[in-house]
Amino acid sequence: MLPLAALPRPICVGIRGVFTDIDDTLSTRGKITALAYAAMERLHNAGLMVIPVTGRPAGWCDHIARMWPVDAVVGENGALYMRYDVPARKLTTCFATPPEERRAQRERLAAIGAKILRGVPGCAGASDQRYRECDLAIDFCEDVPRLSAESVAKIVALMRAEGLTAKVSSIHVNGWFGNYDKLTMTRKLLADEFGIDLDQAREQFIFVGDSPNDASMFQFFPHSVGVANVREFGDGGGEPPKYVTERESGAGFAELADFLLSGR
């Protein structure tokens, strides 16, 4: 990973938008700081698209799309997107799977979650599970004492044994039925709502994240960025970002915003 300062300044001029993870990228120890929120607002006010791409639930995404200085949000690791049209006062929501399929899958996910809680001491269902439409989130350090790497690996193995796609974030292991991910729904959002072919425009966007569930985004975007705490995952985090900030979490996001805006 190269330091953020190595990102050529002329590239900043051509950047149209920033996709960002939330937990431990925008947030710092579980809080969105004034520094990070103001950085989002400065990017947005400067005319850049700002789109969180997160593992957090649909219930949170409704709030984010409506009330944050963002253009849209991708949630549940690619299960859905939401966009709020302010002049029309209309929320658009798109899911990767139809309603009847989601209902059936939620019953199966609940049973799998109960099995994992029995099989991995110390883990817990995520506190935001009740607001989720499509995935199962198992907490390994947000509201419980941090589990060992071996325990996290066991949660992943149990999910995959049940046919789930499983991804590790900085706080949860998320599992879902289907082969969508953050990238596939981000691509659909840009096409549906903004008329942008992301495969053709990838060099005009930056993605910033911090954990293994961001690997597909790090790999796809030539100008991907990790906040400094991405180093905590070492070589076990999948595809690394191309650049890394000096500062961690929300301060690292603000560092990226300052870098982009100063280069325009």
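Any read-out appearing in this document is the output of simple, stated calculations on the displayed coordinates, not a laboratory observation. Not measured: the values here are computed from a predicted model. In this analysis, Cβ positions are derived from the backbone assuming ideal geometry, glycine residues included, and neighbour counts consider all displayed protein chains.
In straight Cα distance, which lysines are under 30 Å from Lys90, not counting same-chain residues fewer than 8 positions off? Qualifying lysines at Cα under 30 Å: Lys31, Lys182, Lys188. With contacts taken as Cα pairs under 8 Å and at least 6 residues apart, region 114-259 reaches a relative contact order of 14 percent. Rounded to the nearest 5, the antiparallel percentage of DSSP beta bridges internal to the chain is 60%. Among the trypsin sites (Lys or Arg not before Pro) within region 54-89, those in coil by DSSP and having at most 14 neighbouring Cβ atoms inside 10 Å are Arg89. Other residues lying with their Cβ under 13 Å from the Cβ of Thr93 contribute a combined charge of -1, Lys and Arg counting +1, Asp and Glu -1. Of all lysines in the structure, those lying under 17 Å Cα to Cα from Lys154, and not within fewer than 8 positions of it along the same chain, are Lys115, Lys167. When each of the peptides 16-23, 108-115 is scored by how many other beta carbons lie within 10 Å of its residues on average, the order from highest to lowest is 16-23, 108-115.
Label sites at Ser262 and Arg9, each approximated as a point 7 angstrom past Cα along Cα to Cβ, lie 1.0 nm apart.
Relative contact order for region 68-133: 19 percent, from Cα pairs under 8 Å spaced at least 6 residues apart, divided by residue count. Highest mean first, the peptides 70-76, 187-193, 8-14 sorted by other C-beta atoms within 10 Å per residue fall in the order 70-76, 187-193, 8-14.
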